[in-house]
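All of the numbers you see were taken from the coordinates with simple rules; none came from a lab. Since the model is a prediction, treat every value here as computed from it, not as a measurement. When we count neighbours, we look across all protein chains shown, and the Cβ atoms used for this are built from the backbone with ideal geometry, even at glycine.
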Amino acid sequence: MNLLKTLTIAAAGLLLTFTAAGASEIQKTAKDISYSFEGPFGHFDKAQLQRGYKVYKEVCSSCHAMHLMSFRNLSQPGGPGFTDEQVKALAATFTVQDGPNGEGEMFERPALPSDRFPSPFPNEQAARTANGGAYPPDLSLITKSRPGWYGTINQLINGIGGPQYVYSVLTGYVPDEQLTPEVLAEKPEGKYYNPYFSNGHWIGMPPPLSDDQVTFDDGTPATVDQMARDVSAFLAWTAEPKMEERKRLGFMVLIYLGILALLLYLVKKKIWADVH
């Protein structure tokens, strides 16, 4: 009975392996671009995060929510570096539903720093109706939930490539005129070809970025490449807003363990000196 159970578990593991391999064959490996926050000493670029927030606000927020993030997070240490006054102003550009009021009715008001980022749609069905049946995913943890490449060792060394995945999808659309007749014949109505999309090559979201679509406050040229880099970095921060704090703590722990190991070695030498 135990042997049968073991074989069943092994078969299930192989099936998951083949499924992951099949997914990696369908999805093209993400473009390997670098970010300032990569590596054990990496950190977020505040200017890039502020630009990325602007791309999210002016482009992405019309379809995608960020339910796990509050506006006040934008001023926390290790984040975009907005001041409390700036956060109040940024939050007020959104509208949230509140209530009930004294008459028992719900009402809308400008968002406050304590509010979470609101959804652009009242419910999932409304979101699907507005997007041709596709449901725009929440972007709070998108760089944690979408791998850019596969392979256990590769992901252990280089991470799952979530920010690279977002960047690749945003810049990876292939126009119809560049597709082969065979591929074009398979095109579903209202879909766009993107080989980096994790759920097959056809995505319901039209190309969201175009040059000079936003105006960055620091004067950085708003090319498609720049906007994709900035918003993918911003979404990497929303997925792990305490990353810099975690890295600092990890570095301190390593120093502590190194000193402890050295002290233990010296104590051992002292205690066993007479024996040797």
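Provide, as a two-decimal number, the C-alpha radius of gyration of the stretch 117-160 over 2.2 N^0.38 Å, N being how many residues it has.
Values: Rg = 15.2 Å, N = 44, 2.2 N^0.38 = 9.3 Å.
Compactness ratio reported: 1.64.
How far is it, in nm, from the label point at L68 to the one at E245 when both lie 7 Å from their Cα along the line to the Cβ?
Between L68 and E245, the label points sit 1.6 nm apart.
Within 10 Å of each residue's Cβ, count the other Cβ atoms and sort S198, S62, S114 from fewest upward.
With the fewest neighbours first, S198, S62, S114 line up as S114, S62, S198.
Determine, for L264, L112, L170, the number of other Cβ atoms within 10 Å of each Cβ, and report the residues in order from fewest to most.
On the way: L264 10, L112 16, L170 24.
Listing L264, L112, L170 from fewest to most nearby Cβ atoms yields L264, L112, L170.
Counting other C-beta atoms within 10 Å, and keeping those with at most 12, which DSSP coil GluC sites (Glu not before Pro) do you find in the stretch 50-153?
In loop regions of the stretch 50-153 (DSSP not H, G, I, E or B), the sparsely surrounded GluC sites (Glu not before Pro) are E103, E105.
Let me make sure I get this right: for the stretch 145-191, a, b and c are the square roots of the gyration tensor eigenvalues over alpha carbons, sorted descending. Under 1.5 in a/c it's rounded, otherwise prolate if a/b > b/c, else oblate. Which is it?
It comes out prolate by the Cα gyration axes.
With label points built 7 Å along Cα→Cβ from the Cα atoms of D84 and Y256, find their separation and express it in nm.
3.1
Which residues does the label zone of V174 cover in the stretch 198-212, counting backbone N under 16 Å from a point 7 Å along Cα→Cβ?
Counting backbone N atoms under 16 Å from the label point, the list is 198-204, 207.
Kirkwood Rh over alpha-carbon pairs of the stretch 185-256, then Stokes-Einstein at 10 °C and 1.306 mPa s: what D in µm² s⁻¹, rounded to an integer? All intermediate terms of the calculation are to be shown ahead of the outcome.
On the way: Rh = 15.7 Å.
This corresponds to a translational diffusion coefficient of 101 µm²/s.
Pulled fully out, how much extra length does the chain show between V183 and S210, if you take 0.36 nm times their separation in residues and subtract their Cα-Cα distance?
Details: separation 27, 0.36 × 27 = 9.72 nm, distance 2.46 nm.
Taking V183 through S210 to full extension adds about 7.3 nm, to one decimal.
Label points 7 Å out from Cα along the Cβ direction at N131 and K270: separation in nm?
6.4
Which value, in debye to the nearest 20, describes the size of the charge dipole of the chain about its Cα centre when Lys and Arg Cβ atoms bear +1, Asp and Glu Cβ atoms bear -1, and nothing else is charged?
About 1400 debye.
Please name which of Y165, V214, L249 has its Cα lying farthest along the dipole of the stretch 131-276 towards the positive end, using unit charges on Cβ (Lys, Arg +1; Asp, Glu -1) and the Cα centre as origin.
About the Cα centre, the residue reaching furthest to the positive side is L249.
Using +1 at the C-beta of Lys and Arg and -1 at the C-beta of Asp and Glu, which of V55, Q86, S70 has the Cα lying farthest in the positive direction of the dipole of the stretch 55-117?
Checking the options against the dipole of the stretch 55-117, the answer is V55.
Quick one: dipole size for the stretch 145-276, taken about the Cα centre, charges +1 on Lys/Arg Cβ and -1 on Asp/Glu Cβ, in debye to the nearest 20.
1260
Output the peptides 44-56, 143-155 sorted from most to least packed, where packing is the average of other Cβ atoms within 10 Å over each peptide's residues.
Final packing ranking: 44-56, 143-155.
Most fluctuating residue of G99, G204, G78 in a GNM of the chain with Cα springs under 10 Å: which is it?
Its mean-square fluctuation being the largest, the pick is G99.
Helix hunt in the chain: which complete DSSP H runs extend at least 24 Å axially by C-alpha with mean Kyte-Doolittle at least -0.5?
Correct list, ordered by number: 2-26, 243-271.
Based only on Cα atoms, what mean projected area does the convex hull of the chain have, in nm²?
26.3
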